[in-house]
Amino acid sequence: MSPVREDAVVFQCEGESLVGILHVPEHEPARIGVVVIVGGPQYRVGSHRQFVLMARSLAQAGYAVLRFDYRGMGDSDGEMRTFESVAADVRVAIDTLMRAVPSLTGVTLWGLCDAASVSLMYCTQDARVKGVAIANPWVRSQAGQAQSYIKHYYGQRLLQRSFWVKALTGKLQVTASVADFVRKLWSARSAGKSAAEGGSFIERMRHGLQKFSGPTLILMSERDLTAQEFRDLSAASAAWQKALRRDGVTTIDLPGADHTFSTEGALQLATRHSLEWLRSAVSSRSAN
């Protein structure tokens, strides 16, 4: 493993200061760096420090990494903003990493949840982006959430012995449960086709996935409603299925993992797949 230098950096975005941490191998790094985009509301460390640990692992393997706070988040200046309005922040973060490591020829974006959404919406806007790695991408709409809840919660509950014990012994609040089920069923059905397309930001994500020419890694946790919603959306939409079949898209399921890879084993698995993909799909392609 390569020894790694970690430096705090402050850089400007539209007149406001952003804070980030650079992880740079002491020996010559790979030609492609990694910009970690953080899902919100969250800052550069991540839940249970998963972005710190992943960034260090990638840097020890030879990749320069930058993780940073959007404007309005963590230690950065400005008003808090939604994931749909951070393109300028991502652009200056890429500027900062490539300026700090002049040997880089491009970057890979790595994002979890709505940071995965940001990555797909941004990737076609910047030729320096050579690869995109996303985990449990956020495609939530009211209808899509209701569909996933009916399928993955109520469907499982009906197979559980504890559910029937409560129902038969009068311990289950049947009226409330039925009312909740009906509300979610109505929400899922009332949206019609929009449940499969999900609104403008989801369309922008699909368009980015379809049009991006570089390698794309999609990590999907087994025990995560957000990942299930993405699976359901993909199954219901021919357009998403076409985008996912694009040459260069790799989807990997992570058994036992939750949304934020909260166990050591899950984080190690996500990191290992990311590193293997960087080496095989991104670095090899950029060398050609």
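Just a few scattered comments:
- Just so you know, the Cα atoms of the range 217-288 work out to an Rg and Dmax of 13.7, 39 Å.
- Cα gyration tensor shape for the range 1-80, rounded if a/c is under 1.5, else prolate or oblate: prolate
- The simple spin-label model puts a point 7 Å past each Cα toward its Cβ; for A8 and T169 those points are separated by 5.5 nm.
- Sorting S17, S76 by the number of Cβ atoms found within 10 Å of their own Cβ, with the fewest placed first, yields S17, S76.
- Estimated D of the range 1-137 in µm² per second, where Rh is the Kirkwood radius over Cα pairs and Stokes-Einstein applies at 20 °C, 1.002 mPa s: 148 µm²/s
Only the coordinates and a few stated rules stand behind these numbers; no lab work does. Being a predicted model, the structure only gives us computed values, none of them experimental. With ideal geometry, Cβ positions are generated from the backbone for all residues, glycine too; neighbour counts draw on all protein chains shown.
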